[in-house]
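The values are calculated or read from the model by the stated rules, or taken from the named source; none is laboratory data. Just so we're clear, the structure is a prediction, and the values are computed from it rather than from any experiment. Reconstructed Cβ throughout: ideal geometry from the backbone, glycine too, with neighbour counts over all protein chains shown. Areas reflect the complete protein model, heavy atoms only, side chains present, ligands, DNA and RNA absent. Shrake-Rupley method; radii C 1.70, N 1.55, O 1.52, S 1.80 Å.
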Amino acid sequence: MPDKHVGQPLLRKEDPRLLAGQGRYLDDLGRDALAAAFVRSPVAHARITDIDVTDALDVEGLVAIYTYEDLPDRIAEPLPLLIPHPDLTHARTPHCLANGEVNHVGEAVVMVVATDRYLAEDAAERIRVAYRDLPPVVGVSQARAGDRLVHEDVPGNIAARSVQENGQGDAHSAIAAAPHKLTLDLEIERSASMPMEGKGVLAHWDADDRTLRVHSSTQTSTSVRLAVAAKLGLPPDRVEVVTPDVGGGFGVKIVHPWPEEILVPWAAMTLGRDVKWVEDRREHFISSAHERGQQQRIEVGFDDAGRLHGLSVEIWHDNGAYVPYGIIVPIVTSTQLLGPYKVGAYRVEFTSLYTNTVIVTPYRGAGRPQGVFAMERTMDAIAEYLGLDRLAVREANLIQPDEMPYDQGLVFQDGRPLIYDSGDYPTMMRMIRDLVGWDGFEAEREAAAGQGRRIGIGVAAYVEGTGMGPYEGAHVKVETTGEIVVSTGLTTQGQGHYTTLAQIAADVLGVAVADVTVITGDTRRFKYAVGTFASRAIVTSGNAVAVAAAKVAEKAKRIAAAALGDGIAPEDLELGDGVVRRKDDPGSFIDLQTVAVLSNPLRYAFDEAAKAATQFAAAANTGDEPGLEATGFYMPERSTFAAGAHGVVVETDPETADIKILRYCVVHDCGVVVNPRIVEGQVHGGVAQGVGGALYERIVYDDAGQLVNASYMDFLIPFSTEVPHIETAHMVTASGVNPLGLKGAGEAGVIPTSAAVASAVEDAERGRGATEQGLAIRRMPISPSELYELRKGRVHA
């Protein structure tokens, strides 16, 4: 057994079960449950004038049909605004079922329950809903125009308008006084997360003891529990929420409660039968959540070396038809845009706008890819304008290590100051320069050109706020068998929590990782938690596990000291190799599982081991509560900030404009690394999604608000053949704001990809057209056909 498990690239404990097909996902449960299906709006904006269910009543196996008028008062109210904000002045949230008006294609109008899903779908198809069309608002530009309204009581479609300044002077004055100025208009198109498993809910109501058990494919079981209890008028302790294995989340499953998470349990209570609903792929496209869509205007002032004097940013953010998750995404964009740089006077204003499209909530990266695109495109534009090396411009603006902690003068999404706790950005940039081969690239370019090939190189850097509060907790127990059970309220969707949290507990308790079992997402085992999102789980839950395990360790020392006798004090003992032993005499020890037996004074001996804990045994009572177990919580004072830089080499086909990634390099700093193998996997998965966002994936609406690519035939997701080999280098600057020195890693791979790819494609095309400057990419993702048109017109993308 190694001295320390933290830092070891251990294989994931969860993988053998999953690879052997032994996973238990939502649809594996409730085989005998009634099935729910939904009639969803086929139009983007309309009044509902009539709902006729007559034809559906003849479907054999039909159990119930519900419309808005059938819902009790508590459920008929709009769903909650999860994250209020003073700048969110016109918040509108959806109803569980449409209340007289639909505001996007896919909004639920009628719920059908039948003996199986096929019959429920048959009945749903027979229900006739009459609509009176209203003019739809589609896209940011139309929302900004304001001549059509999504909600008639929301002027200009504006849900929120927010301004922040960093306190370093007036940005507009600083820009005006700078030797050089540039203005850029940028756009990131709408996209969406596509987990292999969609959402799903199974509910069981026990009328005898009035308890409700809900299984949900969610990223926050504890919050779903509270939301369901509030909506259904139940005491929270009467509601249990269990999250089985989850086939991907990526942010879409952090939203709660989804309408189905209320309607399915309510139907189970009303009908006295288990009820289940599982989302199909089209439903996921048209009724879950999207992200990314923004327009941006950047004004920047700088000197001859490319150092920024002032930066003013205006952002128009598409929040879809409703804002149940508040304005977190544009807040993150507006604050994380700064990256690892000192920008002088900074002013940012964002306007969050309603459109008649699916709601927008965080998707892996959560506003950061848009912010990095803005900042890194600005850096490249400055370098192009001045004729300087792109990395040199970035290096001229970096925050230095001796300036840490660095206060950016803004308020972050957690409501706390945006203070970078640690980081070494100059070293990070030197590492990416070396890893991607920046300095020797011109020779590669010339050799490729000699073969008639076009290649280009790009880089992008970012800083990511991670590990936000308010808290996470954990319960650690040593069983009398010697097994260590760690229970935490967060959920897991592939992050490797069963391994990384076990590594942390094993180190504190001096046991093997194989002896630690981690339980997540079950409110019967742990009721108080926030959830798995925003690269926070390992920071918050990891530290909570360490706190709880440390309490157990201290208790074990007290019990062992009493059992060993000879005047031994707890501080004379240490834990290691599964025992509690004397520091000065390792041969004097007691097994940890024996300590667990002794921790529970017994009147009755159930087996040989239990005899040692009965009233006539020699072991002394320490006065501790029974059980070798403890609960611990970690409450961060503020977020901790990870960082990284990506370098990419691309080739663009001279004839077809096809774009191929030749090399992809990542330098990443997530503080102390608990498991390098798992971090590597997180980075690789993020890069794969980032490549999709840069070159392939986009959500396309037509002018009528119809989603025209709502299937995998049309929504392009990269295959393994499109995802490049990824070269990774880790650096460690430990966080100073949590005891373990951890920073998050879950979203790192996706954040700068679009910016880095845009830089590389632009570089490949430099000097290939009518001017030596070449084309400028101002919009992502970019396809071969778009690049082809850019070449012809030499216009901004």
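Side notes on the structure shown:
- Backbone N under 16 Å from the L271 label point (7 Å along Cα→Cβ), restricted to segment 79-118: 110-118
- Shown are Y498, Y664, whose ranking by accessible area with a 1.4 Å probe and every protein chain present, most to least, is Y498, Y664.
- Chymotrypsin sites (Phe, Trp or Tyr not before Pro) restricted to segment 547-619 and DSSP loop, no more than 16 other C-beta within 10 Å: Y604, F606, F616
- DSSP-defined antiparallel bridges as percent of all bridges, the chain, nearest 5: 75
- Considering only Cα atoms, the convex hull volume of segment 648-691 works out to 68 Å³ per residue.
- Taking every C-alpha pair closer than 8 Å and separated by at least 6 residues, the mean separation divided by the residue count of the chain gives a relative contact order of 15 percent.
- Under 5 Å between amide hydrogens, built in the peptide plane, is the criterion, and for V518 it picks out V486 among residues at least 5 positions away or on other chains.
- Segment A392-F633, extension gain: residue separation times 0.36 nm, minus the distance between their alpha carbons: 82.3 nm
- Rh (Kirkwood; distinct C-alpha pairs) - segment 117-254, Å: 21.2
- Those GluC sites (Glu not before Pro) in segment 563-644 that DSSP places in a loop and that have at most 10 other beta carbons within 10 Å: E608
- Extension gain for E442 to E655 (0.36 nm times residue separation, less C-alpha to C-alpha distance): 74.4 nm.
- Two-site FRET efficiency, V732 against E479, from Cβ-Cβ distance with R₀ of 30 Å, rounded to 0.05: 0.30
- For segment 469-634, fraction of C-alpha pairs farther apart than 25 Å, in %: 33
- Simple spin-label estimate for T721 and D434 in nanometres, 7 Å along Cα-Cβ: 3.7
- Gap separating the Cα centres of segment 481-505 and segment 699-722, nearest whole Å: 37
- Look at the alpha carbon pairs under 8 Å that are at least 6 residues apart: their mean separation over the length of segment 393-537 gives a relative contact order of 18 percent.
- Secondary-structure-derived ellipticity at 222 nm for the chain, considering helices only, amounts to -8000 deg cm²/dmol, per-run term -39500 (n - 2.57) for DSSP H runs with n ≥ 4.
- Potential lengthening between E789 and F606 on full extension [0.36 nm per residue; Cα-Cα distance subtracted]: 57.9 nm
- Once backbone amide H atoms are built at 1.01 Å from N, G496 has no partners under 5 Å, excluding neighbours fewer than 5 places away on the same chain.
- Largest accessible area first, the listed residues T614, T351 line up as T614, T351 when surface is computed with a 1.4 Å probe on the assembled protein chains.
- Where Rh is the Kirkwood radius over Cα pairs, Rg/Rh for segment 296-455: 1.03
- Carbon + sulfur, % of accessible area of the chain - ligands and nucleic acids excluded, 1.4 Å: 50
- Convex hull volume of the C-alpha atoms in segment 571-730, normalised per residue: 310 Å³.
- Distance from the Cα centroid of segment 136-206 to that of segment 375-419 is 22 Å (rounded to whole angstrom).
- Förster radius 45 Å - calculated FRET efficiency between D116 and A449, Cβ distance, rounded to 0.05: 0.10
- DSSP-defined beta bridges in segment 469-634 - what % are antiparallel, rounded to 5: 75
- Estimated vicinal HN-Hα couplings, Hz - segment 446-455 in sequence order (Karplus 6.51, -1.76, 1.60; Gly, Pro = x): 5, 5, 5, 4, x, 9, x, 10, 10, 10
- Proximity of backbone amide H atoms, modeled 1.01 Å from N, is registered between V110 and V39 at under 5 Å, excluding neighbours fewer than 5 places apart on the same chain.
- Using a cutoff of 8 angstrom between alpha carbon atoms and counting only pairs six or more residues apart, the relative contact order for segment 469-634 works out to 29 percent.
- Within the chain, the percentage of alpha carbon pairs spaced more than 39 angstrom apart rounds to 42%.
- Of the GluC sites (Glu not before Pro) found in segment 25-126, the ones in coil according to DSSP and having at most 11 other Cβ atoms within 10 Å of their Cβ are E60.
- Those residues of segment 232-272 whose amide nitrogen sits under 13 Å from the label point placed on R24, 7 Å along Cα→Cβ: 242-246
- Greater than 24 Å apart at Cα, pairs in K253/K276; K527/K551; K13/K743; K555/K583; K527/K557; K253/K551: K527/K557; K253/K551
- Solvent exposure, largest accessible area first (probe 1.4 Å, DNA, RNA and ligands not counted), of D522, D515, D15: D515, D15, D522
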